[in-house]
Each structure stands twice: as structure tokens, then as C-alpha cells.
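A quick write-up on the structure given underneath.
The values are calculated or read from the model by the stated rules, or taken from the named source; none is laboratory data. Owing to the predicted nature of the structure, the values given are computational and were not obtained by experimental measurement. Here the Cβ positions follow ideal geometry from the backbone for every residue, glycine too, while neighbour counts run over all protein chains shown. Side chains included, ligands, DNA and RNA excluded: accessible areas come from the protein's heavy atoms. Shrake-Rupley method; radii C 1.70, N 1.55, O 1.52, S 1.80 Å.
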Amino acid sequence: MNISTRGRYGLRAVLDLAVNYSERPVTLSAIAARQQLSEGYLEQLMVPMKKAGIIASTRGAQGGYYLAREPQDILVGDVFRALEGPLALVACISEENTERCQRKDICGSAFIWSEIQTAISDVLNKYTVADLIDREYQLDACKELKK
């Protein structure tokens, strides 16, 4: 199982915005340059994060992107769900699957998939963007993200 670049790069963009949270909006080109990401790909990631209420933007000469909520109010799981969709280790236990699997009562492995998915969800929902920024400061990595 792999987490796609959508989730990883999107989280990097959100962390970049969080480090610059008190500043004016951040341009997409500045984020792309600091994160060494394609500006076009990064732009695609911003759309679902805006729809999810994680980021916002302003247009114009002083425009750019900024966090729509405080960093401590954004869960890492929020970012991943906005970009990757609902957690779905296997289809029968997807977060959005409202239909009951026909084999659930006789499936000997369903509990394992459910337990793994719950563990992943718990970890993603345990940490906020603020927690990750604190970690970046401990690693002295935030200087690379400042304007």
C-alpha cells in the first residue's frame, strides 16, 4: 500500500502555508519553488483542499493561498481525505461504503482489514498541522519554508 503523491505533496503545501500562516497570502510559485514541486501539479491539489475548507485564496497582485483554519484545527487526516478520498484499505470496509458486504458474516479476514484501517485513521486524526510544524521546528527544517 502506498500513499500517493497527491497526499504527500498536498501535505507539504499545507505545511508550507502553516509556516507562513501569519504572513500575507503565499503564491503558488513560491510554494512550488520551496517544495520543489511542479506548479501545475500543485495547482491541481489546491482545488480539492479549497473545497474541503482547508485552504483559501485571494486574487490580485497581493493574492495567493492561505490556511482557511488555524493550523491546530486542521487534522492530517483532513488533508489526506480531501486529496485521496475516504480511507478504503479494502472496498468492503471503506469509510463511505454504506452497503454491507455480503460476505462480512463469513469473512475470516474482515476484522484485520478493519483494524488496520482504524489504526491508519487514528494516526491521521491524532496529529494536526500544528503538530507537524512543531516537529519541523524541532528538526530546524522550517527555515527552508519561510519566504
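Available extension along the chain between Ala68 and Val47 is 6.3 nm, counting 0.36 nm per residue and deducting the alpha carbon span. Approximating the spin labels as points 7 Å out from Cα along Cα→Cβ, the Tyr127-to-Thr27 distance works out to 3.1 nm.
Could you let me know the centre-to-centre spacing of the range 107-125 and the range 30-86, using Cα atoms, in angstrom? First find each Cα centre; the distance between them is then 28 Å.
In Å², what does the accessible area per residue of the chain work out to with a 1.4 Å probe? Don't jump to the answer; show the numbers that get you there.
Working: 8880 Å² over 147 residues.
So the chain comes to 60 Å² accessible per residue, rounded to a whole number.
For the pair Gln36 and Glu115, a Förster radius of 35 Å applied to the C-beta separation gives a FRET efficiency near 0.45, rounded to the nearest 0.05.
Based on DSSP H runs of at least 4 residues, each adding -39500 (n - 2.57), what is the mean residue ellipticity at 222 nm of the chain after dividing by all its residues, to the nearest 500 deg cm²/dmol?
Counting only the DSSP helices, I get -15000 deg cm²/dmol.
For the chain, the dipole from Cβ point charges (+1 on Lys and Arg, -1 on Asp and Glu) about the Cα centre works out to 380 debye, to the nearest 20.
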